[in-house]
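The values are calculated or read from the model by the stated rules, or taken from the named source; none is laboratory data. A quick note: this is a predicted structure, and the numbers were derived from the prediction, not measured. Every residue, glycine among them, receives a Cβ derived from its backbone with ideal geometry; neighbour counts consider all protein chains shown.
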Amino acid sequence: MADENEHETEAWDEVVSGKRLPVAGKGDDEEAEAVRQVLLWRQAREQTAVISPEQAAAFYQRSEQLRRERLRSSRGKTLSLLVVVGLGLLGAGLGLGWWLSQPTTLSSAVSTPTTTQPMIPAAAPPSDMPQMIALAAGSFTMGCTAGWDDQLGGCRENEYPAHSVQVKGFAIARHEITVQQFKRFVDDTSYVTTAEFQQQGCAIQDLQKPSAWVISPNHNWRNPSFTQPPVHPVVCVSWQDAQAYAEWLSKKTGHSYRLPTEAEWEYAARGGKITAFYWGSQPDRNFANILGVEGKDQWAQTAPVGQFAANPFGLHDMAGNVWEWTADCWQQTYQITASTQETCSQNAFRARRGGGWDNVPASARSAARSPASLLDRSYVLGFRVVKDLP
């Protein structure tokens, strides 16, 4: 019995510390995740000066008391009641006082979907059509948040200012579009990608000069210079290629498919979390395919989609594996005005998100973004699609 309690305590600590994602439907894990989110709220408020040091200290002491009580207790109804009631009192007492006493403009420091997210179905192996997950409408803070996104050497200028965004409900592909899925599109339409057209090629790293990139006429989505089984994310596709796929998918299914906006992409990537990554504030190769090979990341290039844990919305590879195209024209900062939006159609660059298998962890943060030309194609660049909901 003692060994069992010790195991439960270790499992609890792993979730509270962010070392492990909670298992959906497992009571202990969900309670531990609730405590973790409470602690994150405390830290966010403390770092953004939304609460006083005295309130932060009181919040921390109460949260720590709950954790210590959990360490000393065994699994049972009394434990569950203690944690739930404790969190309820904590949130009702301290949370209400903070929110009522603070300016409403700061209330968007934490991602807060406005409706309950639907139950996420069990993951299924990728087929030749994308599997979609419906996300409820919600609001979140988009961009670099001090104390969270800037922990890995600082945010880029193009990630500012952090701002509150409201998104409508939409469905997004559980995985990045795979080689198999893209092949069905090409087989059905005889489409010729940008890289294949007149052997324009795909951008890869120069084997003679690893820090340099070259356009190789011999490489495209069929052969990006490394072996890709059908369940790997398709690469060497331009923004125009991704658009063509979405248009075909819309005609094929009778539903409206497209590339995600930047706001939709970041909302989905964060999964309701406020940390730099959906699993926490620090990089971890057990959760993403990024530069280097260790932990669960055993792939030198692309990994099969869905090999790493899904985020709380049930989405895989929102960090790492391949960069993903978005629908939006590139803007150097989030200071977008009506006049700049009107000239967007003349902008030859689009925003891409998520980081790739060759990137350092900072580039795979949920807030990280970079520009790419409409015709850019490389062996670290792919995409996923979204579907409009009624």
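Worth pointing out:
- Pick from the stretch 194-215, criterion of a type in the set (A, V, I, L, M, F, W, C) and more than 18 Å from SER238 (Cβ to Cβ), ranking: modelled with the lowest pLDDT: LEU207
- The stretch 370-385, subset touching a helix residue (DSSP H, G or I) at 6+ places or on another chain (Cβ under 6 Å) and closer than 25 Å to ILE133 by Cα, residue surrounded by the fewest Cβ atoms within 10 Å (Cβ to Cβ): VAL385
- Residue count, the stretch 344-386 (criterion: over 20 Å from CYS329 (Cβ atoms) and basic (Lys, Arg)): 1
- For the stretch 130-147, the candidate set comprises residues that are closer than 19 Å to ALA268 by Cβ, touching a helix residue (DSSP H, G or I) at 6+ places or on another chain (Cβ under 7 Å) and assigned to a loop (DSSP other than H, G, I, E, B); within that set, the residue that is modelled with the lowest pLDDT is CYS144.
- Subset of the stretch 225-281 (residues that are of a type outside the set (A, V, I, L, M, F, W, C), over 20 Å from the mean Cα position of the chain (by Cα) and either surrounded by 24 or more Cβ atoms within 10 Å (Cβ to Cβ) or at positive phi (or both)): SER225, SER238, ASP241, TYR245, GLY254
- Summed over the stretch 278-328, residues that are touching a residue at least 12 places away in the same chain (Cβ under 8 Å), of a type in the set (Val, Ile, Thr) and in contact with a Phe, Trp or Tyr (Cβ under 9 Å, 6 or more places away or on another chain) total 4.
- The listed residues are ALA212, ALA203, and the only one of them that is among the hydrophobic types (A, V, I, L, M, F, W, C) and surrounded by 16 or more Cβ atoms within 10 Å (Cβ to Cβ) turns out to be ALA203.
- Single residue of the stretch 282-319 satisfying the filter (of a type in the set (D, E, K, R) and in contact with a strand residue (DSSP E or B) (Cβ under 6 Å, 6 or more places away or on another chain)) that is surrounded by the most Cβ atoms within 10 Å (Cβ to Cβ): ASP297
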